[in-house]
Each structure stands twice: as structure tokens, then as C-alpha cells.
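Student: Pasting a structure here, questions to come.
The values are calculated or read from the model by the stated rules, or taken from the named source; none is laboratory data. Being a predicted model, the structure only gives us computed values, none of them experimental. Cβ: placed from backbone, ideal geometry, glycine included. Neighbour counts: every protein chain shown. What goes into the accessible areas is simple: the full protein's heavy atoms, side chains included, and nothing from ligands, DNA or RNA. Shrake-Rupley method; radii C 1.70, N 1.55, O 1.52, S 1.80 Å.
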Amino acid sequence: MADQQHSGRDGFLDFVAEAEERARTELGPLGAGPAGAIGLLIRRVTKLMSVEAEHELQLDGLTWASFRVCFDLWVGGPQEPHRIAARTSMSRAAVSGAYKSLVASGYATTADSPTDQRSIVISLTDSGAELTAGIYRRHLEITEGWLSPLSTPEQQILLGLLGKVMTSPRGSAFGPGRAVNI
């Protein structure tokens, strides 16, 4: 049982070790460091967390795009669509489609922008805010489950390291305002 836990339920950690060995053998210095293993593990954990979230989070009829718009409005308050697009790394077209369905469902409202006559400001309704808070509460419960093997200080270290990667030149290339269709 301990071997199974160490190698991951499906042997993925064994696969990562094999990949590291192959990279060291065939790629020389490029394969000598832990980058390959880290990349494989980050992608795997991200995928598993995403699959669980998609399965467990009942979005109550929302698409992921609609939820991202709701969440941004829940965090940042009423905003113009271009600001939501920048903050969520969504395209303006995706934000437009999402907010229109949110308005039709009664989760959001729009008003003319006080600063730009060509734009609008989107706001959550009370039911939209309640729905968003409930979905995010479930998201936090799932995430806490994934992070439970780590102590609070280890979680803080992980947060700092991931933040450092996100603010690196490579991470910044996909920063605010760049649509990432995930």
C-alpha cells in the first residue's frame, strides 16, 4: 500500500521518474534538472483538480465563462466588459456572450457607463452574488482537500513559489489583458 501511495494511485509518479531518467540520458544538461518532473506534476495536478471541479461543482446552469465573469464581479464589483476581459484573461467576445446570458438569467444587470458613452457597466444582482458565493465556497472546499497533505506554512511557500513563476517574464507574457481560453 505504501508503494502504491508513493507512486501515485495510477503509477504516475513512477512515470515521472522514468521520464526524468530518459531525459537525463538523452537530453544531457537540459534533462538534468527537475523542470521536467515539475512540469509534468503541475500539469497533472491542475488537470485532476479541474476534472474534479467540473464534476463536483454544480454551476447551477452557468458555463465556466459565465462563472468567471460572475466571480470577477463578485470580487471587484461593477465593471465595464473590457476590464472583466483583462482581469479574467478572457476575450471581449467571451465576456460579451457570458454577461448576456447572465442578464437573461437574472444574475446580472447592465447600466450605461458613466465614463464612456460607448460602454456599459455590469453588476451582479443579489441572486447572482449569492450563486457565485455558493459556487466559490464549494471550490474552496475542493481546493482545501487537495492541499490537505501540506501544512499551512507549506501552503504559503507553494503560494509564494507559484506567484514567483506567474510574475516571471514567461508568466507575464500571458498576464492581464491576454486572453487565455482555458
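Student: So which residues in the stretch 124-151 are open to solvent by 70 Å² or more (accessible area, probe 1.4 Å) and under 26 Å from A93 (Cα atoms)?
Tutor: Across the stretch 124-151, the qualifying residues are D126, E130.
Student: Quick check on K164: is it open to solvent by 70 Å² or more (accessible area, probe 1.4 Å), in a helix (DSSP H, G or I) and farther than 22 Å from G39 by Cα?
Tutor: It is false that K164 is open to solvent by 70 Å² or more (accessible area, probe 1.4 Å), in a helix (DSSP H, G or I) and farther than 22 Å from G39 by Cα.
Student: Just the residues that are within 21 Å of the chain's Cα centre (by Cα) and either open to solvent by 30 Å² or more (accessible area, probe 1.4 Å) or free of Cβ contacts under 8 Å to residues at least 12 places away in the same chain (or both), please, taken from the stretch 97-123.
Tutor: If the condition is that a residue be within 21 Å of the chain's Cα centre (by Cα) and either open to solvent by 30 Å² or more (accessible area, probe 1.4 Å) or free of Cβ contacts under 8 Å to residues at least 12 places away in the same chain (or both), then G97, Y99 are the ones that fit.
Student: So A93 fits all but one of (1) under 24 Å from E56 (Cα atoms); (2) exposed (fewer than 12 other Cβ atoms within 10 Å of the Cβ); what number is the exception?
Tutor: Answer for A93: the failing condition is (1).
Student: I157 versus (1) open to solvent by 100 Å² or more (accessible area, probe 1.4 Å); (2) of a type in the set (A, V, I, L, M); (3) assigned to a strand (DSSP E or B): which is the lone unmet condition?
Tutor: So I157 meets the others, but not (3).
Student: Out of A17, A53, I need the residue that is open to solvent by less than 90 Å² (accessible area, probe 1.4 Å), in a helix (DSSP H, G or I) and at pLDDT below 90. Which one?
Tutor: Selected residue: A53, the only one of A17, A53 that is open to solvent by less than 90 Å² (accessible area, probe 1.4 Å), in a helix (DSSP H, G or I) and at pLDDT below 90.
Student: Sticking with this structure for a sec: Scan the stretch 56-81 for residues that are assigned to a helix (DSSP H, G or I) and touching a residue at least 60 places away in the same chain (Cβ under 8 Å) and jot them down.
Tutor: E56, F67, C70, F71, W74
Student: So, in the stretch 82-130, how many residues would count as being under 12 Å from C70 (Cβ atoms) and in contact with an Asp or Glu (Cβ under 6 Å, 6 or more places away or on another chain)?
Tutor: The number of residues fulfilling the criteria is 2.
Student: Going by the conditions given, is P153 farther than 15 Å from S66 by Cα and at pLDDT 95 or above?
Tutor: Working: farther than 15 Å from S66 by Cα: yes; at pLDDT 95 or above: yes.
So P153 fits the description; yes.
Student: Can you tell which of R43, R87 is open to solvent by 60 Å² or more (accessible area, probe 1.4 Å), over 30 Å from P114 (Cα atoms) and among the basic types (K, R)?
Tutor: Matching residue, one of R43, R87: R43.
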